[in-house]
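Asker: Here it is, the structure in full.
The values are calculated or read from the model by the stated rules, or taken from the named source; none is laboratory data. Small disclaimer: the values here were computed from a predicted structure and weren't measured. Note: ideal-geometry Cβ built from the backbone for every residue, glycine included; neighbour counts use all protein chains shown.
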Ligand code: SF4
């Protein structure tokens, strides 16, 4: 299925929390003002309902996204008010992909874990939580995965300040 | 030693204690087996047949710090690793030497500016004898570094302070 097909199928099945979709298209030649729409196709999902959405995407016969290829987060800008949490789903059976995005507020960055649905999410969520300070509610093992346990700060946030020293070793 | 047995007449050999000790030390600098990043690939190339580190008596990579004389820090040292490197260094018996191989181990290398967990030079953790430039250094550079270390060992003196240093 192409993205349009996936999107229609999701709507048809009443996917939980689906807010909008980015459907890239070429500009309309008849309309001079129309610039088209760029970017990669994705669907935006309400973070509160991400588990239900993922569950449907995995279990639906026609979608069958059995693999979570990646889970990452991003901090768009210093003055932005949200983080993105980005899921890349892949179906080997039907040979199609889907990008799912969630927007969570920087003031209270938390989202439910999907490691109960897709176990591959476990380590990715640990990485996101140490790099961005996002809390994944209900994560079975929320330790740091890359950074030392006593690390201060979240390195991939745009407003991150580099440490001057760590355990007596100068960082400058 | 059956080959050498009776090959020479009874003889006397004179030498200097310092010279003998240094000769033994510098021809058997056994490195410890560990590599941290891409530089380790070059180190492995040096250990293999083409460049043959064994010519210098330094090809016996030991799997434990307790049998090693030389620590080749081949790669990027981050803070999590620095703690382990320090502990391994402390476990090595004297005399022990450290080679900082490559830009990362020498001073942070490509991660100098934005590597938030990279130690900006392994010399902030353990004392370094020889630095090797390059990213990664060519195998010949590591051999040159090893020979520099051997020159350094040759100039040390246990019995008497040397008149001249290198
Ligand atoms: S100096 Fe270059 S080749 Fe060596 S570990 Fe660092 S980045 Fe890799």
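Asker: Tell me the strands (runs of 3 or more DSSP E) entirely within the range A:81-141 that contain at least 3 residues that are farther than 15 Å from residue A:54 by Cβ and touching a residue at least 12 places away in the same chain (Cβ under 8 Å).
Answerer: A:82-91, A:96-105
Asker: Considering only residues that are loosely packed, with under 14 Cβ neighbours inside 10 Å and within 11 Å of the ligand (Cβ to nearest atom), which ones fall in the range B:134-151?
Answerer: B:135
Asker: Could you grab me the full set of residues in the range B:92-110 that are more than 7 Å from the ligand (Cβ to nearest atom), more than 11 Å from every other protein chain (Cβ to nearest Cβ) and more than 29 Å from residue B:66 (Cβ to Cβ)?
Answerer: Scanning the range B:92-110 gives a single hit, B:107.
Asker: From A:144, A:137, which residue is facing chain B (nearest Cβ under 10 Å), more than 12 Å from residue B:116 (Cα to Cα) and surrounded by fewer than 17 Cβ atoms within 10 Å (Cβ to Cβ)?
Answerer: That would be A:144, the only listed residue that is facing chain B (nearest Cβ under 10 Å), more than 12 Å from residue B:116 (Cα to Cα) and surrounded by fewer than 17 Cβ atoms within 10 Å (Cβ to Cβ).
Asker: Out of (1) touching a strand residue (DSSP E or B) at 6+ places or on another chain (Cβ under 9 Å); (2) away from the ligand (no atom under 16 Å from the Cβ), the odd one out for residue B:77 is which?
Answerer: (2)
Asker: Here are some conditions: (1) more than 14 Å from chain A (Cβ to nearest Cβ); (2) within 15 Å of the ligand (Cβ to nearest atom); (3) touching a strand residue (DSSP E or B) at 6+ places or on another chain (Cβ under 7 Å). Residue B:62 meets all but one. Which one does it not meet?
Answerer: (2)
Asker: Could you grab me the full set of residues in the range A:30-70 that are part of a strand (DSSP E or B) and at pLDDT 90 or above?
Answerer: Within the range A:30-70, A:42, A:43, A:44, A:45, A:67, A:68, A:69, A:70 qualify.
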